[in-house]
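Structure first, then comments.
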Amino acid sequence: METPPEMSQLSRKEYLAKMRWRYAQRGREGKIRLLDELCEVCGYDRKYAIKLMGGKPITRRCCPD
């Protein structure tokens, strides 16, 4: 399988927001297809994609100064 082309961070963020909304509207079979699409387009592992679709955006903690 070919590696997916690079997406900018902004494009990926917009795409994930739209996919998160679509994921919430779907049943089990629809969610399976959406996860397949997300993994193919962004190159994510399936478990990571499931975490991303879980709702809350992932934020990174910053080290205290």
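Quick note: the coordinates plus some simple rules give every number you see, no bench work behind them. Predicted model only: the values in this text are computed from it and were never measured. Note that each Cβ is placed from the backbone with ideal geometry, even for glycine, and that neighbours are counted across all protein chains shown.
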For the range 9-53, what is the largest minus smallest coordinate of the Cα atoms on each principal axis, given in angstrom and ordered from greatest to least? 28, 19, 15
Set the Förster distance to 22 Å, then compute FRET efficiency between M7 and I32 from the Cβ-Cβ distance, nearest 0.05. 0.45
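For the range 9-53, with only Lys/Arg (+1) and Asp/Glu (-1) charged at the beta-carbon, what is the dipole magnitude about the Cα centre, in debye rounded to 20? Don't jump to the answer; show the numbers that get you there.
On the way: 12 positive and 6 negative charges, 46 e Å.
Approximately 220 debye in magnitude.
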Using the beta-carbon distance between K18 and K47 and R0 = 22 Å, what value does 1/(1 + (r/R0)^6) give for FRET efficiency, to the nearest 0.05? 0.55
